[in-house]
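Below you'll find the structure, written out as structure tokens, and then a few comments.
The values are calculated or read from the model by the stated rules, or taken from the named source; none is laboratory data. Fair warning: this is a prediction, and the values are worked out from it, not measured in the lab. Virtual Cβ from ideal backbone geometry, glycine too; neighbours counted across all protein chains shown. Remember, those area values only see protein heavy atoms, side chains included, never the ligands or the DNA or RNA. Shrake-Rupley method; radii C 1.70, N 1.55, O 1.52, S 1.80 Å.
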Amino acid sequence: ENSGHDMQFMTNLLQKIESQKIPAHAPIEQRWSASSSSSMSPAHGPKEGLHCWVGIIMYLPSDDETERNEITKRFQGQYCDLVREVGLSFGIVSHWGKLEMPISGQNFLLLRKSMASRYPLQAFNASRLYYDPNNILGNDLLDLVLGKPM
């Protein structure tokens with residue numbers, strides 16, 4: 001649910017991006033939506049709720065493979081970890097279907113804890129097992145972060 005601290009989060013994020021010299025692309029997407037009745041939605045909440053979404057985007061403007069790999073590495077690790085770190089005090093949660101693997105074990109554990117505290121993972125994994133018994137729609141990252149279908 002929206003705490004009213006949307007712009008403070010964005011200000012803190014931009015300050016950290018600049019201080020760590022992360023080559024973040026502009027604009028950083030920010031939008032708002034009503035609550036969702038889906039328990040697996042980051043916007044799950046009361047019908048009258050308002051949720052802020054922040055999307056960080058990775059562009060690969062170069063044809064140079066080495067440069068593209070470096071951009072990808074920094075986005076998937078440092079930038080995504082930074083967004084989660086800045087968001088801790090605001091109660092942000094990543095969308096479970098748009099995760100990037102954290103670069104450190106500690107950040108991985110924080111991500112798992114965040115997912116477990118926000119989403120009904122036991123019920124979700126039971127549904128995954130029932131509807132996708134061979135885990136065709138899963139992947140290693142989902143299984144690591146959300147747990148394996150059981």
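By how many nm would the segment from Leu141 to Arg112 lengthen if fully extended, with 0.36 nm per residue of separation less the alpha-carbon distance? Can you show the working numbers first?
Working: separation 29, 0.36 × 29 = 10.44 nm, distance 1.07 nm.
Result for the pair: 9.4 nm of gain on full extension.
For the stretch 33-150, which whole-number percentage of the solvent-accessible area (1.4 Å probe, protein heavy atoms only) is attributable to carbon and sulfur atoms? Show your work: numbers first, answer last.
Details: 4070 of 7320 Å².
Ligands and nucleic acids excluded, carbon and sulfur reach 56 percent.
May I ask for the longest run of the chain untouched by trypsin sites (Lys or Arg not before Pro) that are loop-located per DSSP and have at most 13 neighbouring C-beta atoms (other than their own) within 10 Å?
Values: sites that count: Lys21, Lys47, Lys98.
In short, 99-150.
Cα gyration tensor of the stretch 92-138, axes a ≥ b ≥ c as square roots of the eigenvalues: rounded (a/c below 1.5), prolate (a/b > b/c) or oblate? Could you put the intermediate results ahead of the total?
Numbers: a/c = 2.43, a/b = 1.75, b/c = 1.39.
In terms of gyration-tensor shape, prolate.
Pull out the extension gain between Tyr131 and Ser62, defined as 0.36 nm times the separation in residues minus the alpha carbon to alpha carbon distance; nm, one decimal.
Details: separation 69, 0.36 × 69 = 24.84 nm, distance 4.07 nm.
Using 0.36 nm per residue and subtracting the Cα-Cα distance, I get 20.8 nm.
Would you mind checking the pairs Lys16/Lys73; Lys21/Lys73; Lys73/Lys113; Lys21/Lys148; Lys16/Lys113 and listing those with alpha carbons more than 25 angstrom apart? Please list the in-between numbers first.
On the way: Lys16/Lys73 18 Å; Lys21/Lys73 15 Å; Lys73/Lys113 23 Å; Lys21/Lys148 37 Å; Lys16/Lys113 23 Å.
From Lys16/Lys73; Lys21/Lys73; Lys73/Lys113; Lys21/Lys148; Lys16/Lys113, over 25 Å: Lys21/Lys148.
How about the stretch 19-85: which chymotrypsin sites (Phe, Trp or Tyr not before Pro) there are in a DSSP loop, with at most 12 other Cβ atoms within 10 Å of their Cβ? Spell out each step's value before the answer.
Values: sites: Trp32, Trp53, Tyr59, Phe75, Tyr79; in loops: Tyr59.
The qualifying sites are Tyr59.
Could you tell me the distance between the Cα centroids of the stretch 12-26 and the stretch 69-141, to the nearest Å?
Each part reduced to its Cα centre gives a spacing of 21 Å.
Which whole-number value in Å² is the accessible area per residue of the chain, probe 1.4 Å? Could the numbers behind the result be given before it?
Details: 9580 Å² over 150 residues.
Ligands and nucleic acids excluded, the result is 64 Å² per residue.
Could you run the Karplus curve 6.51 cos²θ - 1.76 cosθ + 1.60 with θ = phi - 60° over the stretch 90-98 and give me ³J(HN,Hα) per residue in whole Hz, x for Gly and Pro?
Result, ordered by residue: 9, x, 6, 9, 6, 6, 4, x, 10 Hz.
Considering only protein heavy atoms, what is the solvent-accessible area of Glu65 at a probe of 1.4 Å, reported in Å² to the nearest 10?
110
Efficiency by 1/(1 + (r/R0)^6): what FRET value for Thr11 and Leu88, r their Cβ-Cβ distance, R0 = 22 Å, to the nearest 0.05?
On the way: r = 16 Å, r/R0 = 0.71.
Taking R0 as 22 Å, the efficiency between Thr11 and Leu88 is 0.90.
Could you tell me which of rounded, prolate or oblate describes the stretch 68-150, using a ≥ b ≥ c as the square roots of the eigenvalues of the alpha-carbon gyration tensor, with rounded for a/c under 1.5 and, failing that, prolate when a/b is larger than b/c and oblate otherwise? Intermediate results must be reported in sequence, preceding the final value.
On the way: a/c = 2.68, a/b = 1.51, b/c = 1.77.
Oblate, because a/c is 1.5 or more while a/b does not exceed b/c.
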